[in-house]
């Protein structure tokens, strides 16, 4: 009887640990930079007094108000990068995400996965994983505000317009923005 109870407790504990989001797991870790924007913040941005006569401003407001979840995890710690990659693979398998695009360029790999949305221009979920393969003698080629980066994990959920989401990543100075600009072209092929 004690063995069954112990086994049940271990099973529940394992499910709790692995059921947590990687963003939650590393929220208080000094080896990561975490950006997490709540849906309420996006709603507040949508209510800002921005001139809607400007088509670009109108598109930006439409884009941000359609996002329900936005999280970015950045780290130069190799072990955390491996955890990000493992979490990504688990999410891809569990949620049935499809690979949209994979770019390998000069030691930097960028992968995009999506859950399809209401039409070809929209997705419900976008996961982007950036990994830099550094050589010990070379300095990092991937930098965010002067900080060497090895891995970046981006999660966006909502009614995401692929034609416009790259603008948000560019404004936040996130790696992968240039590749994200070309995602729609790949999706239409």
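List pairs: first in the range 111-135 and on the phi > 0 side of the Ramachandran plot, second crowded, with 20+ Cβ neighbours inside 10 Å and part of a strand (DSSP E or B), Cβ under 6 Å, 6+ apart or cross-chain? Correct list of pairs: empty, since none qualify.
Confirm whether residue 52 is modelled with pLDDT under 90, touching a helix residue (DSSP H, G or I) at 6+ places or on another chain (Cβ under 6 Å) and assigned to a loop (DSSP other than H, G, I, E, B).
Numbers: modelled with pLDDT under 90: yes; touching a helix residue (DSSP H, G or I) at 6+ places or on another chain (Cβ under 6 Å): yes; assigned to a loop (DSSP other than H, G, I, E, B): yes.
Against the criterion (modelled with pLDDT under 90, touching a helix residue (DSSP H, G or I) at 6+ places or on another chain (Cβ under 6 Å) and assigned to a loop (DSSP other than H, G, I, E, B)), residue 52 qualifies.
State whether one or more residues within the range 95-116 are part of a strand (DSSP E or B), at pLDDT below 90, within 20 Å of residue 34 (Cβ to Cβ) and over 14 Å from the mean Cα position of the chain (by Cα). Taking every residue of the range 95-116 in turn, none turns out to be part of a strand (DSSP E or B), at pLDDT below 90, within 20 Å of residue 34 (Cβ to Cβ) and over 14 Å from the mean Cα position of the chain (by Cα).
The values are calculated or read from the model by the stated rules, or taken from the named source; none is laboratory data. Because the structure is predicted, anything quoted here is derived from the model rather than measured. Every residue, glycine as well, gets a Cβ built from its backbone with ideal geometry; the counts of neighbours run over all protein chains shown.
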